[in-house]
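Report on the structure given below.
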Amino acid sequence: MVLLVMLGLMLSEYLIHRLNDDGGSYDARESVASLAIALGNKAVAALTAGIAAVPIMVVYRHRLFDLELDTVWGWGALFLGVEFCYYLHHLAMHKIRWFWATHAVHHSPTRLNLSAAVRLGWGAHLTGGFLFYLPLVALGFNPAAVVALLSTGLIYQFFLHVARPPHLGALEWVLNTPRHHHVHHASNPSCIDRNFGSVLIVFDRLFGTFAAAPRDEAMRFGVAGMPASTNPLNIVFAAWMRMFREMLHAKGVAAKLRTLLAPPG
């Protein structure tokens, strides 16, 4: 049902921009590639979910406390915990090449719109992204509640990809908004590795990773140094292939590990 609603919103946004003679916001081939990648993402996620579920349940069995979610304060604490863990996870996806190889898929569209929101890399469970949320489970938060809040945050982020971001006034100080997320996706030097939040932008402001949109230049989208493509398989595997080629040519174990764990680029 959620996917059908998202598809309807994508189509509505596309038609609105076409009716307003704003054809530059969408590229049909790029959007079709995004939808194909989204289908592959869902299939791979379903096949690999158990890889994350097993260690999560083992950790929960040995949790430190039983943290009940029967009050607003309990849910509020979990929400802040998920937001912080997501911030660290997202930061790692940009700073560690092993994680970036999957995340680069999401940054590959050259036009930012709702169809770009569903362009997600394949195999996130296989690369270990779930590890960033294990501390919450170890503390005693129910894994189902952690997953539920994380999923809600991802649904919220879908709307951050609107082609024409509105200004939300005072909310821009606290929430991750479409304006902030456009900066995150931009490949301008002043925008790279900025605005990592999910629902909140407060951790970016606290830790110095926040950036507002540049005033003196238009934002450009896509992955810097990587040719644009509309071939779904090329988009999904390009960063992985480049990383493994460099690892094979690296001399020595230390150099090979640096290829996997150093920042991309």
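Scanning the stretch 90-127 for residues that are touching a strand residue (DSSP E or B) at 6+ places or on another chain (Cβ under 9 Å), among the hydrophobic types (A, V, I, L, M, F, W, C) and not in a loop (DSSP other than H, G, I, E, B) gives a single hit, A116. Scanning the stretch 117-128 for residues that are closer than 30 Å to S25 by Cβ and either in contact with a Phe, Trp or Tyr (Cβ under 8 Å, 6 or more places away or on another chain) or open to solvent by 50 Å² or more (accessible area, probe 1.4 Å) (or both) yields A117, V118, L120, W122, A124.
The residues of the stretch 35-69 that are without any contact (Cβ under 8 Å) to a residue 12 or more places away in the chain and under 20 Å from F79 (Cα atoms) amount to a single one, E68. With the requirement that a residue be exposed (fewer than 12 other Cβ atoms within 10 Å of the Cβ) and not in a helix (DSSP H, G or I), what does the stretch 43-65 give you? Correct list: H62, L64, F65. Highlighted here are the helices (runs of 4 or more DSSP H) found entirely within the stretch 138-232 that include at least 3 residues which are surrounded by fewer than 19 Cβ atoms within 10 Å (Cβ to Cβ) and at pLDDT 95 or above: 143-158, 202-207. As for the stretch 12-33, it holds no residue that is assigned to a loop (DSSP other than H, G, I, E, B), touching a residue at least 24 places away in the same chain (Cβ under 8 Å), closer than 23 Å to G153 by Cβ and open to solvent by less than 70 Å² (accessible area, probe 1.4 Å).
The residue pairs whose first member lies in the stretch 98-120 and is closer than 14 Å to A36 by Cβ, whose second member is open to solvent by less than 20 Å² (accessible area, probe 1.4 Å) and of a type in the set (F, W, Y), and whose beta carbons are closer than 9 Å, counting only pairs six or more residues apart or on different chains, are V118/F158.
The values are calculated or read from the model by the stated rules, or taken from the named source; none is laboratory data. Predicted model, so just to flag it, every value in this text is computed and none were measured. Neighbour counts run over all protein chains shown; Cβ positions are idealised from the backbone, glycine included. Just the protein is used for accessible areas: all its heavy atoms, side chains included, with ligands, DNA and RNA removed. Shrake-Rupley method; radii C 1.70, N 1.55, O 1.52, S 1.80 Å.
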